[in-house]
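Trainee: Have a look at this one before I ask anything.
The values are calculated or read from the model by the stated rules, or taken from the named source; none is laboratory data. Nothing here was measured: the structure is a model prediction, and the numbers come from that model. For the accessible areas, the whole protein counts, side chains as well, though only heavy atoms, and no ligand, DNA or RNA atoms are used. Shrake-Rupley method; radii C 1.70, N 1.55, O 1.52, S 1.80 Å.
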Amino acid sequence: MPRMGRGGGGGGGRCSLLTMIGLGFLTCNAAFAIYRSCGEGDLASVGFVLAAYAALLLLLHSMRRFERAGPGDRGRLKAAVWGLSTLLTVMFASRVAPLMPPAVGVAVWAMAAATAGGGFWAFFVN
């Protein structure tokens with residue numbers, strides 16, 4: 001089975017070195033965040049990191065499947081990609097908005113809604 005080139009493209013089943021480095025960095029970052037949160041007794045943050053990590057891995061997997069799918073198989077994968085990206089957007093907005101002044105928090109939620117709406121439009125309407 002051929003390997004993917006340095007640009008990340010190709011039809012092989014393997015990931016490029018750059019993709020593996022990125023996933024390794026993501027995994028280490030998540031592990032450090034979980035370790036720090038456990039040390040502080042913050043189980044809500046541990047749950048957030050685990051959920052965000054799982055959602056991001058599922059999103060990357062779904063995007064890869066979407067890129068390789070035939071025209072007839074893309075509808076369900078579009079919904080999965082949009083749903084996971086919207087989930088991540090809402091998760092991060094819910095953590096950032098409370099830390100901001102109220103007007104900026106409203107702007108964070110407005111941008112999250114615009115991102116979700118724009119993604120829906122791009123995937124399903126356009």
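Trainee: Using θ = phi - 60° and the Karplus relation 6.51 cos²θ - 1.76 cosθ + 1.60, list the HN-Hα couplings for the stretch 87-98 in order, rounded to whole Hz, with x at every Gly or Pro.
Mentor: With the stated coefficients, the stretch 87-98 comes to 4, 5, 4, 5, 4, 6, 5, 5, 8, 7, 4, x Hz.
Trainee: Can you send over the solvent-accessible area of residue 21, 1.4 Å probe, protein chains only, in Å² to the nearest 10?
Mentor: Accessible surface of residue 21 is approximately 100 Å².
Trainee: Just to make sure I understand: if all protein chains stay in place, what is the order of 121, 109 by accessible area at 1.4 Å, largest first? Write out the running numbers ahead of the final one.
Mentor: On the way: 121 135, 109 110 Å².
Reading off the accessible areas and sorting them downward yields 121, 109.
Trainee: Pick the calculated P(r) over Cα pairs in 5 Å bins from 0, in percent for this structure from (1) 2, 10, 14, 16, 18, 17, 13, 7, 3, 1, 0; (2) 2, 11, 21, 26, 22, 12, 5, 2, 0, 0; (3) 2, 10, 18, 20, 17, 14, 10, 6, 3, 0, 0?
Mentor: Read-out from the structure maps to (1).
Trainee: With all protein chains present, how much of the accessible area of the stretch 78-118 (probe radius 1.4 Å) comes from carbon and sulfur, to the nearest whole percent?
Mentor: Carbon with sulfur: 82 percent of the solvent-accessible area.
Trainee: Note down the accessible area of residue 104, probe 1.4 Å, to the nearest 10 Å².
Mentor: Result for residue 104: roughly 70 Å² accessible.
Trainee: Moving on. Leaving out ligands and nucleic acids, and using a 1.4 Å probe, what accessible area per residue does the stretch 17-100 come to in Å²?
Mentor: On the way: 5520 Å² over 84 residues.
I get 66 Å² per residue for this part.
Trainee: What accessible surface, in Å², does a 1.4 Å probe find on residue 17, ignoring ligands, DNA and RNA and rounding to the nearest 10?
Mentor: It works out to around 120 Å².
Trainee: Per the helix-only calculation at 222 nm, which mean residue ellipticity applies to the chain, given -39500 (n - 2.57) for every DSSP H run of n ≥ 4 and division by its residues, nearest 500 deg cm²/dmol?
Mentor: That calculation yields -25500 deg cm²/dmol at 222 nm.
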